[in-house]
Amino acid sequence: MVPVGCVRVNKIQQIRPTRGAEHVGSARYNEIADDLLRRIDAGEWQSGETLPQMEKLASHYGASRNAVARAVGKLAREGRLVSVPRRGTVVRPKHRKTVIRTDLVKRNSRHARDGREFTGGYSFPAAMGNELWVHHGKPDVGIAPLNDPRLAHMLNVPVGEPVMRRLRVTGPEGEPAFQISTTWIHPRITAEVPEVEEPYGTGPGAWIDAIEAKGHGPLEWLERRRVRMPTTDEAKSLLIPVELPVWEIVRISYSAKDENAVDVTQVIIAGDRMEEISRLRRDESAQWPHRDSGPDGPPVAPADGARE
């Protein structure tokens, strides 16, 4: 009997799944992940293609949507699937070429016109020798405001200035996109070299040749590199998870005529597709054999055996 003025409180016990139930759930999503991987490797879905919606996969496997989502998540962590906004779950290639990047710029001779190969432009360090690179979609070339303060400062134009922009998504033939390249060309160069306005120039790299031919050659380049997280659009273009860091390489071209910036190119590369090699140089103070004194004066401690 409950006394007057008191409220009966019912204790509600939380029902937790048994260990056996947890094991069954784990085993089920692993089974689904294994079967999805088998179907991908068998060619049912090619690299770049989208898997059916979660609901359809759940119906196919007679499992819950959560079990399918866990299976997809497992394959995503293993690098075989990626969630792309507004597209769905996309198959990533089993093997993705990794480039070892140095500081050497080469002449690019791997272009074709009318069935014949010709030389044009340069292979910057991210490219591998003279391999053929292709566009993933048509280049986007036109006037656009340069709203990034960092890039505007490098190009020496006001933030928001309308500038010629060349946006390309490229990579070796037969592979997913390797990099996103966005070049901002100084207005004085755009006025002087009309070739920079053509989507493909007069051939790959030819717009760079045209700039040098106008008296700005030989161009010199300075690079700034950092690692950051990708934007949603960058992840979508490169077919990578938004959790995978990217390399951001900003290359500034300088004119031999007036030593001012000609263009600024921002290159975005997936973090798992590039390694960088740097040769370390000795400062004058680190030359061998070592001197008894350096630019900061004699050593603090006397040499072995030396006494005052």
According to the Cα gyration tensor, what semi-axes, each the square root of 5 times an eigenvalue, does the equivalent ellipsoid of the range 216-285 have, listed from largest to smallest in whole Å?
-> 29, 19, 8
Find how much the distance from GLU276 to ARG150 grows on full extension, using 0.36 nm per residue of separation minus their present alpha carbon separation; answer in nm with one decimal.
-> 43.0 nm
Built amide H within the under 5 Å cut-off of LEU146, gap 5+ = GLY160, GLU161, VAL163
With the Cα gyration tensor of the range 99-276 in hand, give its eigenvalues times 5 under a square root as the equivalent ellipsoid semi-axes, listed largest first in whole angstrom.
-> 23, 21, 15
HN-Hα couplings for the range 27-33 via Karplus (6.51, -1.76, 1.60; θ = phi - 60°), in whole Hz with x for Gly/Pro, come out as 5, 5, 5, 5, 4, 5, 4
Two pseudo-spin positions, 7 Å from Cα along C-beta at SER285 and at TYR122, lie apart in nanometres by 3.3 nm
5 Å binning of all Cα-Cα separations within the range 133-211, expressed as whole percents from 0 upward = 3, 15, 24, 22, 19, 12, 4, 1
Please work out the FRET efficiency for the pair SER64 and THR232, using the Cβ-Cβ distance as r and a Förster radius of 41 Å; give the result to the nearest 0.05.
-> 0.90
Once both labels are modelled 7 Å past Cα along the beta-carbon direction, what's the THR190-LYS138 spacing in nm?
-> 1.9 nm
The set of residues whose placed amide H lies less than 5 Å from the amide H of ASN260, leaving out same-chain residues fewer than 5 positions away, is SER255
Table column - 3J(HN,Hα) (Hz), the range 265-279, Karplus curve with 6.51, -1.76, 1.60, x for Gly and Pro = 10, 9, 10, 10, 10, 4, x, 8, 10, 8, 10, 10, 10, 10, 7
Flagged as over-length at 24 Å C-alpha distance, from LYS138/LYS257; LYS106/LYS236; LYS74/LYS138; LYS94/LYS138; LYS56/LYS138; LYS74/LYS94, the pairs are LYS138/LYS257; LYS106/LYS236; LYS74/LYS138; LYS94/LYS138; LYS56/LYS138
Using θ = phi - 60° and Karplus 6.51 cos²θ - 1.76 cosθ + 1.60, couplings along the range 206-211 (whole Hz; Gly, Pro as x) = 5, 5, 5, 4, 5, 5
Average silhouette area of the range 22-91, convex hull of alpha-carbon atoms, in square nanometres | 4.4 nm²
Accessible surface, per residue, of the range 22-91 when the full set of protein chains is kept, probe 1.4 Å, Å² | 56 Å²
Carbon and sulfur together cover what percent of the accessible area of the range 99-276 at a 1.4 Å probe radius?
-> 51 percent
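The values are calculated or read from the model by the stated rules, or taken from the named source; none is laboratory data. None of these values were measured; they are calculated from a predicted model. Don't worry about glycine lacking a Cβ; one is built from the backbone with ideal geometry, like all the others, and counts go over all protein chains shown. The area values use the complete protein model at the heavy-atom level, side chains included, leaving out ligands, DNA and RNA. Shrake-Rupley method; radii C 1.70, N 1.55, O 1.52, S 1.80 Å.
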